[in-house]
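The values are calculated or read from the model by the stated rules, or taken from the named source; none is laboratory data. The shown structure was predicted, so the numbers you read here are calculated from the model rather than taken from an experiment. Glycine also receives a Cβ, built like all others from the backbone with ideal geometry; neighbour counts cover every protein chain displayed.
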Amino acid sequence: MIGYRRRRPVPAPGFQGPLRAPLYLVSMASYPNFGDELIARRWLEHLARHRPQDEVWLDCRYPGTASALFGGIHPHLRVTDAVFRTVEDSLHGSRRDVEDIVTNMGTPLFDAPLLALREARSLHLLGGGFVNAVWPQNDLLVDAMRSASRLSGAPLIATGQGLAPFGPETLKGFDHVSVRDAESAQQLGIARGVDDAYLVQNLPVPDRSAPTELVLCVQSDALDDGAFERLLEHVRRTVERSGIPRERVRYVEALPGGDFAGYDRLQDLVAGDGFVPFTRFWRGEFAPAAHQIWITTRFHHHLVASLHGARGIALTAKTGYYDVKHRSLVEGGSRWSIQDGTGEVLDLTALPEPGPAAARVETKVAEAQLLYGRA
């Protein structure tokens, strides 16, 4: 059963609405950070398959970066930053309320993109873990969407959300909400759904015939005090004990810069050509595979690698946030071990293989078809 709450239907493909009424997506993509980018790409790919004639607007922080990352995925994609500029202006510019800016405009620098927001056919907050107590300013993104919906009547959608640790925002008034973890589901009183990155067309077929590779990533951002050093030491001991030769050890970056610090400290354990920067990973020059074992703090590394059949260890680095995220995948069947760097070093050969992911993919595809129909 899909976990969501829903009050108002999303307009069907034939809906005319106001002139230029687009499907409007609000996303944390474009920083870049692999997980946010992956979620945006999944939805754009889905809309390209099922709503190719519609105009789609992606609202994100850095439209130039987003254009480079997502260009060509959907034939009618347009990229903007109206919602993010509204929040920035409210916090650090005019200091006007977000609702006032969206409703009354009077901001010549970005009134034109605000018109597209106000004329949208639907307003969709893409998934992720960015609306919560860790980043309270992001609640204003939701306020901007609500303000636009009050003007246009466009349904409000939020999918694959992770709201822990909880702040005041509960997505009240949204017409469709799904969440990816048990804690968020309990908070909202709905069934648990799955992360938006499970919106894939075809499941990969696991192939474990290649020699075992070890893949690492230890982030340096958004951590509890002292966690970075603790996790680095834990990873070092685990790799040294594994017996996997250095030439088969890789380090895959999810957040450019933020993940390089971990590589800089562990590079003596990694193959000489084993560093995979975000851009190479994004372009598919390195792919998750079932013959790999991953040790990573990154949630979407965990998701994608286990989806492809890889075994692994998920490192938790921020209590109440990353532990909730990683646990949602283990409970969903990844079977990865969750470690905080304080326990004993594990025998990597004894890690279990992930369970089938078909049910999670079916859940997310069904939700997407419910929202946007089929081609």
### Query
Counting only residues that are more than 19 Å from F281 (Cβ to Cβ) and of a type in the set (G, A, S), which one in segment 202-223 is modelled with the lowest pLDDT?
A222
### Message
Just the residues that are closer than 20 Å to T159 by Cα and assigned to a loop (DSSP other than H, G, I, E, B), please, taken from segment 33-53.
### Response
N33, R51
#### Entry: Any pair with Cβ under 6 angstrom, 6 or more apart, that starts in segment 237-248 at a residue that is of a type in the set (S, T, N, Q) and ends at one that is surrounded by 13 or more Cβ atoms within 10 Å (Cβ to Cβ)
T238/V345; S242/L348
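Residue-by-condition table, conditions (1) modelled with pLDDT of 95 or more; (2) basic (K, R); (3) crowded, with 18+ Cβ neighbours inside 10 Å:
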residue: V324; (1), (2), (3): yes, no, yes
residue: S328; (1), (2), (3): yes, no, yes
residue: G333; (1), (2), (3): yes, no, no
residue: T342; (1), (2), (3): no, no, no
residue: L348; (1), (2), (3): yes, no, yes
residue: P352; (1), (2), (3): yes, no, no
residue: A358; (1), (2), (3): yes, no, no
residue: E362; (1), (2), (3): yes, no, no
## Note on the structure
The helices (runs of 4 or more DSSP H) lying wholly within segment 95-213 that contain at least 1 residues that are touching a residue at least 60 places away in the same chain (Cβ under 8 Å), under 22 Å from R78 (Cα atoms) and touching a Leu at 6+ places or on another chain (Cβ under 7 Å) are 139-152
### Flag if I157 is over 30 Å from F275 (Cβ atoms), surrounded by fewer than 23 Cβ atoms within 10 Å (Cβ to Cβ) and either among the β-branched types (V, I, T) or outside the structural domain of G127 (by TED's automatic domain parsing) (or both)
no
### Query
So is E285 assigned by TED's automatic domain parsing to the domain that holds L307, surrounded by fewer than 18 Cβ atoms within 10 Å (Cβ to Cβ) and not in a loop (DSSP other than H, G, I, E, B) or not?
no
